[in-house]
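What follows is one structure encoded as structure tokens, with my remarks underneath.
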Amino acid sequence: MNVEFEDRFEWTTAKNTFNNNPLKTEPNNGGTVVGNTFNGAWLIYKDAEFGTQGKNYVEMVYDSPSNRAPADVVAEIRMNNKDGAIIGKVNLPNTGGSWGAYKTVGAHLDQSLTGKQTICIVLKGSTTSSLLYVGNLDRMKYSRVD
């Protein structure tokens, strides 16, 4: 199951501490990505269909340059909302020295998801005034890995 990051049901209304701007979408990587990401930002995906077999693995396509994002970025996958139970964490290490080096990383979920579920992605990273983003987010792919 593929999920485009920009196809969220809802996202945080908070603003990036370092530039006072909200999350945004922009054209990149052959489609649309979510940009101006920051520590604590969250995105909700309602009624995502995980099927009857269930999905227990996620891959994320993202861009996190070392000149704009810290090296310790993590995307938490939570049930229902930003305060929900954490069912997985994806480390999003730096992808290159500047924007435009999209990479794919994956992680196992702590449980298998079946049927329709609402999930929330919460972004964490030790951002600073010079490393003010956690990266640009393109898409997620959920699958079954045994």
Which numbered condition Q53 misses (of (1) within 20 Å of Y102 (Cα to Cα); (2) out of contact with any Phe, Trp or Tyr (no Cβ under 9 Å at 6 or more places or on another chain)): (1)
Flag if K82 is at pLDDT 95 or above, among the basic types (K, R) and farther than 19 Å from S129 by Cβ: yes
Residues of region 86-115 classified as over 12 Å from the mean Cα position of the chain (by Cα), surrounded by 18 or more Cβ atoms within 10 Å (Cβ to Cβ) and under 15 Å from D138 (Cβ atoms), total: 3
Cβ pairs under 9 Å, 6+ apart, first in region 16-27 and more than 16 Å from R68 (Cα to Cα), second in a loop (DSSP other than H, G, I, E, B) and charged (D, E, K, R): P22/K15; T25/E6
Residues located in region 53-85, provided they are among the aliphatic types (A, V, I, L, M) and surrounded by 14 or more Cβ atoms within 10 Å (Cβ to Cβ): V58, M60, V61, A69, V73, V74, A75, I77, M79
Residue list for region 120-146, filter: under 11 Å from the mean Cα position of the chain (by Cα), in a strand (DSSP E or B) and not basic (K, R): C120, I121, V122, L123, N136, L137, D138, M140
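The values are calculated or read from the model by the stated rules, or taken from the named source; none is laboratory data. On a predicted model such as this, the values are computed, not experimentally measured, just so you know. A quick note on method: Cβ atoms are made from the backbone with ideal geometry, for glycine too, and the neighbour counts reach across all protein chains shown.
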